[in-house]
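So the structure is just underneath, and the comments pick up after that.
The values are calculated or read from the model by the stated rules, or taken from the named source; none is laboratory data. Because the structure is predicted, anything quoted here is derived from the model rather than measured. Backbone-built Cβ (ideal geometry, glycine too); neighbour counts: all protein chains shown. Ligands, DNA and RNA are stripped out before the accessible areas are found, and what is left, the full protein with its side chains, is counted by its heavy atoms. Shrake-Rupley method; radii C 1.70, N 1.55, O 1.52, S 1.80 Å.
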Amino acid sequence: MNDQGFRIEHRYLELPDSFYTRVQPTPLSGARLVTFNHELANQMGFHTNDTEQWAGVGAGKELLEGMDPVAMKYTGHQFGVYNPELGDGRGLLLWETIGPDGQRWDWHLKGAGTTPYSRFGDGRAVLRSTIREYLCSEAMYHLGIPTTRALFMVSARDPVRRESIETAASLMRVAQSHIRFGHFEFAAHHEGPEAVTTLIEHVIALHFPHLIGLPDDERHSRWFEEVVEGTARLIADWQAVGFCHGVMNSDNMSIIGDTFDYGPYAFLDDFDAGYICNHTDQGGRYAYNRQPQVGFTNCQYLASALLPVMDEDAVRRGLRRYETAYNERFLQNMRDKLGIAEPDDSDLGLIMDTFSMLHEHRVDYTLFFRGLSNLYNRGHGPVRDLFVDRSVADDWLSRYEQRLKQESRAHDEREYAMRRVNPKYILRNYLAQQVIQEAQNGDYQPLEELLSVLKHPFDEQAGAEAFAAPPPDWGKHLNISCSS
Ligand code: AMP
Ligand code: MG
C-alpha cells in the first residue's frame, strides 16, 4: 500500500496482447468537474479534497502516475447479430486499484476519444448520457442491485454531434471487472482455445477465487454455473424493481453479473409488461418482459464461446441453472415485495395475477408496492387511488388480505420489512430529464439533489415528496435517444 491507501495493478495487461491496444486519451477542452463521488472514493482508498485534479484526469489531459491506458478488445451479439468489430470505442481502462478493504476496481474513462475499435464513432460521450449513466449506476447500487459504479464525471466545451450538437462529457466508471461476455466471444471466435482458457483462468483468479484449487474440469464447470446463476439473479432483480435495460447485447453483459452500460434504460412508471425503452428497438427484442429470456440467450452465446475448451455436458448443465436460479430469485423477490414470509404454493398464482392486473390497469409499479408497504399504517387509500376502477383494487386487496391471514408476522413488522424492499424513490426518466436540462444550462445542483435522494431509496425523506411523484403528462413515455 502506498500512503493514499490503495495499490495499483495491471492484471488485465497480463492477458495476451490481442485483448487490448494501448491508447492515450484525446484531451477534452475546458473540462469542469460535474460531480464527484466522495463516499466511493474513500472506500477505494482515495482521500481527496482537491477535486480539480480529477477534472484533468476526466478530461484525458492528465494521467496519474502508474496509469497505463488501454482499449479492451471484445466482440459480441448486437440484436442477435454477431459483430466482430467491437471493443472499447470510446472508453479506456486506465488501471486497476485495490482499496484498503481489498476490493479491486477497474477504472474506465468513458468518452476518452477514439481507439482502434471506434469504427465510425467519435470516441466521445455527451453530457446527457453521461449523467444518465452516473445517476442510474448510483441508483441501482443503493437499491442493492449489482452494478458498475460512477466515481466522477466532467463536462467540457467540445461540441459533439448527435441528433443535435451536444456537450461533451466523460465518466470515470469503476467496477470490479469490465470483462464482458463479448470478451469470451472474441477469444473463441478469433483467437482460439488457448485464449479462452487464459481468459477463464484470469476471471476465476480475480473474481471467483473460491474456485481456485478445484480440478480443471470442475473449476471451469462450477465457474460457468456461477456466471449463469449470477446473470439470472441480476435479471430477476431488474424485473422485481421494474428496470428495463434496453440494450442487452452480449457485449453489455458483465461476466461478474453487474448491470453494465446504461443507455436508453428506464424504470417502469405505469406498469406495461411489453414496455420497450429503446426507441431503435422496433421489434421489442429487449422489452421489459423479454429480459429474462434474453439473459438466457446471452448465456447461450457465452456457452458457445466456451465449447472449444469445456465439456459439452458441463456447458449444458451450466445453462440449465439459469431457469432455476431465475425462478427462485424472482419468486423470493416478489414474496418479499408482497410481505410474504411463509411461502405457500398459491403464491406464484397471486404474483402472476398481480402482474396481469397491474398491466391491464396500467398502475404505477413503484407506488403500488410502496402503498402495500403501508397498508395498515395508512389504509387502502394510497393503493386504491392508483386505479381508475377502484373496484379492481378492492377485489385484489381483499384477496391479498386473505393471503396475509396465513402469515404470523405482526403487521407493523411485515410492513417495516416491505419498506426495505419496495423503494419509495426510483430514477424515473422524467426526473433524470429535468436534471439533465439544468446541467445543460450549467446548474449541477439539481443533479446533486437527485443523487442524494437516490442514495436512500427506501427511506421516507423529509422534503423529498416531489421525487416520489408519478410522472407529469410531459414526462410519460419519454422517447430516450439511444445515441449516447
Ligand atoms: P454501446 O451501444 O454503448 O454499448 O456501444 C457499442 C459499441 O460501440 C462499443 O464498442 C462502443 O465502444 C462503441 N461506441 C459507442 N459509441 C461510440 C462513440 N461515440 N465513439 C466510438 N465508439 C462508440
Ligand atoms: Mg456497450
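What the table shows:
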| read-out | value |
| --- | --- |
| Sole exception among (1) part of a helix (DSSP H, G or I); (2) aromatic (Phe, Trp, Tyr); (3) within 16 Å of ligand 2 (Cβ to nearest atom); (4) within 23 Å of Pro146 (Cα to Cα) for Tyr262, by number | (1) |
| Search result, residues across the stretch 49-100 that are hydrophobic (A, V, I, L, M, F, W, C) and either touching a Lys or Arg at 6+ places or on another chain (Cβ under 7 Å) or within 15 Å of ligand 1 (Cβ to nearest atom) (or both) | Ala55, Val70, Ala71, Met72, Phe79, Val81, Leu86, Leu92, Leu93, Ile98 |
| Any chance Arg173 is in contact (Cβ under 8 Å) with a residue 60 or more places away in the chain and either within 13 Å of ligand 1 (Cβ to nearest atom) or not assigned by TED's automatic domain parsing to the domain that holds Ser484 (or both) | yes |
| Some residue of the stretch 414-431 being farther than 30 Å from Ser137 by Cβ, among the charged types (D, E, K, R), out of contact with any Asp or Glu (no Cβ under 8 Å at 6 or more places or on another chain) and in the same structural domain as Val363 (by TED's automatic domain parsing) | no |
| Enumeration of residues in the stretch 22-44 that are more than 24 Å from the chain's Cα centre (by Cα) and either of a type in the set (Gly, Ala, Ser) or not in a loop (DSSP other than H, G, I, E, B) (or both) | Arg22, Ser29, Gly30, Ala31, Arg32 |
| Pair list, Cβ < 8 Å and 6+ apart or interchain, from the stretch 206-229 residues that are over 23 Å from Thr259 (Cβ atoms) and not assigned by TED's automatic domain parsing to the domain that holds Ser177 to residues that are modelled with pLDDT of 95 or more and of a type in the set (A, V, I, L, M) | none |
| Condition met for Val70 (modelled with pLDDT of 95 or more, away from ligand 2 (no atom under 13 Å from the Cβ), of a type in the set (A, V, I, L, M, F, W, C) and open to solvent by 30 Å² or more (accessible area, probe 1.4 Å)) | no |
| Selected residue (criterion: nearest to Leu268 (Cα to Cα)) from residues of the stretch 360-385 that are in contact with a Phe, Trp or Tyr (Cβ under 6 Å, 6 or more places away or on another chain) and either open to solvent by 60 Å² or more (accessible area, probe 1.4 Å) or not in a helix (DSSP H, G or I) (or both) | Val363 |
| Test: residue in the stretch 274-293 that is in a strand (DSSP E or B), more than 16 Å from ligand 2 (Cβ to nearest atom) and more than 26 Å from His183 (Cα to Cα) | no |
| Residues of the stretch 128-146 satisfying the condition of being surrounded by 24 or more Cβ atoms within 10 Å (Cβ to Cβ) and β-branched (Val, Ile, Thr) | Thr130, Ile131 |
| Complete set of residues in the stretch 45-62 that are out of contact with any helix residue (DSSP H, G or I) (no Cβ under 7 Å at 6 or more places or on another chain), at negative phi and either in a loop (DSSP other than H, G, I, E, B) or within 16 Å of ligand 2 (Cβ to nearest atom) (or both) | Phe46, His47, Asn49, Asp50, Thr51, Ala59, Lys61 |
| Selected residue (only one of Asn441, Asn422 is out of contact with any strand residue (DSSP E or B) (no Cβ under 8 Å at 6 or more places or on another chain) and surrounded by 13 or more Cβ atoms within 10 Å (Cβ to Cβ)) | Asn422 |
